[in-house]
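Let me begin by presenting the structure, written as C-alpha cells, before commenting on it.
The values are calculated or read from the model by the stated rules, or taken from the named source; none is laboratory data. Note that this is a predicted model, so its numbers are computed, not measured. Virtual Cβ from ideal backbone geometry, glycine too; neighbours counted across all protein chains shown. All accessible areas refer to the heavy atoms of the entire protein, side chains included, with ligands and DNA or RNA removed. Shrake-Rupley method; radii C 1.70, N 1.55, O 1.52, S 1.80 Å.
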Amino acid sequence: MKITDHIKNSNGKTLFSFEIIPPKKGNSIQELYNNIDPLMEFNPPFIDVTTSREEYVYIDKGNGLLDRKITRMRPGTVGICAAIKHKYNVDTVPHVLCGGFTKEETEYLLVDCHYLGIDNVMALRGDAMSHQKYFEPIEGGNEYAKDLVAQIHNLNCGKYLHDVVEGNNKANFCIGVAGYPEKHLEAPSLQTDLKRLKEKVDAGADYIVTQMFFDNKKYFEFVEAAKNMGINVPIIPGIKPLAVKRHLQLLPQVFRIDLPEELISEIEKCTTNQQVRQVGIEWTIQQSKELLAAGVPVLHYYSMGKSDNIREIAAALF
Ligand code: FAD
C-alpha cells in the first residue's frame with residue numbers, strides 16, 4: 001500500500017516507522033531481522049531501507065602496488081525490501097539514488113520493484129563519493145533528485161526511457177523525497193532549498209521525510225514555510241536518538257545541523273556512552289511526545305543498524 005494511503009487510513013493517528021541500513025557485504029540478513037523483530041510489535045506500516053553509494057577499495061597486488069577497485073559495500077537494497085516484505089508482511093521503501101546509477105539502471109531497478117509489489121520508493125540524489133568534493137552524476141545518470149522523481153513519475157504514466165515499450169502495465173509508485181528543516185548543506189539558503197523541494201513535489205513527489213533534527217521548533221517552522229511555498233504533501237519528521245558522545249561533533253559535521261544547548265550540556269555531563277544513550281532516549285521521547293501532540297502523520301526513526309534504543313522509545317509512545 002502507498003505511504004499516503006497508510007496516512008489517510010490512519011484517520012489522524014500518528015504512525016510509527018523506521019529506517020534500516022543493509023548489512024555489509026559478507027554478513028547475514030539475520031542481523032537485520034534481529035533488529036527488526038523487536039520493533040514489529042509497534043506495527044510499523046512501512047520500513048525504509050537505505051542505499052549506499054559505491055566506494056573505492058584498494059587491493060594489495062603483492063608487488064608493493066595497490067589496485068583501486070570500485071565496489072558497493074552494502075548492496076542488496078531491493079532484495080532486502082522484498083525479503084522483509086515477504087517475511088513480515090509490511091510495506092518496504094527502497095531508497096533509490098541518482099549517484100552511481102545510469103537512468104537505464106534506475107529503470108531496471110524500478111521494474112524489479114514493480115514486479116515485487118513494492119509500492120513506494122524514496123527518490124534521493126545521494127552524496128558525493130568520499131574522494132569527491134561535490135556530487136557529480138555519472139554519465140547518463142540523473143543529476144538532482146527532482147530528475148529522478150520525474151523519471152519515476154514517467155514510469156507511473158507508462159513512459160519508459162527511449163519510448164520502447166509496447167505493453168501498458170504502468171507502475172504506480174508513491175514517491176518520497178528528502179526535506180531539510182535546517183537546509184541542505186549545499187543550498188545557499190533555506191528559502192532556495194524550499195524552492196528546490198517544491199520542484200520535487202511539482203515533479204511528482206507524494207510525501208517528504210525530513211533530515212534528522214533535535215529541536216522541534218525547526219521542524220514546525222519548516223512545515224509552515226513549506227506550506228507557504230505551496231507544498232501540501234505530508235511532511236514526515238525523521239528522528240534519530242543520540243547514542244554516543246562522538247555524535248556531538250559527528251552529526252553537525254556530516255549533516256550541518258544544530259544541537260540544542262540543553263541537549264549538549266546533558267550529554268557533556270555523561271561519563272559513559274551508556275549514560276549518553278539514556279539521555280538520547282529521554283530526549284527523543286520528549287521530542288516525539290511534542291510531535292505526537294502536534295499530530296504529525298508518522299514518527300520515522302533512523303535506526304542506523306541498532307534497534308534497542310528505538311524499541312525503548314516506541315514502547316514509551318505507541
Ligand atoms: P536534491 O533534492 O537533488 O538536492 C541536492 C542539493 O541540490 C540541494 O542543496 C538542493 O537545494 C540543490 N538543488 C536541487 N535542485 C537544484 C537545481 N536544479 N539547481 C541547483 N541546485 C539544486 N543518502 C544516501 O546515499 N542513501 C540513502 O539511502 C539516503 N537516504 C536519505 C533519507 C532521508 C530521509 C534524507 C533526508 C537523506 C537521505 N540521504 C541518503 C542523504 C541524501 O542523499 C543527501 O542529503 C544528498 O546530499 C541530497 O539528496 P537530495 O535527494 O535531498 O538531493
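Subtract the Cα-Cα distance of Phe318 and His131 from 0.36 nm times their separation in residues, and report this length gain in nm to one decimal.
63.1 nm
If Met40, Met304 are ordered by their accessible area, calculated over protein heavy atoms with a 1.4 Å probe, which sequence runs from highest to lowest?
Ranking Met40, Met304 by accessible area, largest first, yields Met304, Met40.
What whole-number value in cubic angstrom gives the convex hull volume per residue for the C-alpha atoms of the chain?
Spread over its residues, the Cα hull of the chain gives 159 Å³ apiece.
Hey, can you grab everything whose amide H is under 5 Å from the amide H of Arg125? Only 5+ residues off in sequence or another chain; H modelled, so Pro and N-termini drop out.
Residues meeting the criterion, in which the H sits 1.01 Å from N, are Cys98, Ala145.
Using a basic spin-label model with each label point 7 Å from the Cα along Cα→Cβ, how many nm lie between Asn228 and Gln191?
0.9 nm
Excluding ligands and nucleic acids, what accessible area in Å² is computed for Thr4 using a 1.4 Å probe, to the nearest 10?
30 Å²
Which sequence of Arg196, Arg74 reflects their accessible areas, 1.4 Å probe, from the largest down?
So, going from the largest accessible area down, we get Arg196, Arg74.
Starting from the amide H of Ile236, placed 1.01 Å from N in the peptide plane, find each other amide H under 5 Å away whose residue is 5 or more places distant or on another chain.
Result for Ile236 returns Ile208, Val209, Thr210.
Quick one: Karplus J couplings for the range 112-124, per residue in order, coefficients 6.51, -1.76, 1.60, θ = phi - 60°, nearest Hz, x for Gly and Pro?
4, 4, 4, 5, 7, x, 7, 9, 10, 9, 9, 9, 10
Computed FRET efficiency, Cβ-Cβ of Val90 and Leu66, R0 41 Å: what is it to the nearest 0.05?
0.45
Can you give the FRET efficiency for Thr272 and Glu105, using 1/(1 + (r/R0)^6), R0 = 51 Å, r = Cβ-Cβ distance, to the nearest 0.05?
0.65
Only Lys, Arg, Asp and Glu count, each charged at its Cβ (+1, +1, -1, -1), so figure out the dipole size of the range 3-315 about its Cα centre, rounded to 20 debye.
Roughly 300 debye for the range 3-315.
Cβ neighbours within 10 Å, averaged per peptide: list 157-165, 266-274 in order, most packed at the top.
The most tightly packed comes first, giving 266-274, 157-165.
Which pairs break 24 Å Cα to Cα here: Lys25/Lys183; Lys85/Lys306; Lys195/Lys240?
Going by Cα-Cα distance, Lys25/Lys183; Lys195/Lys240 fall outside the 24 Å limit.
Using only the heavy atoms of the protein chains and a 1.4 Å probe, how would Arg256, Arg53, Arg311 rank by accessible area, largest first?
In descending accessible area the options line up as Arg256, Arg311, Arg53.
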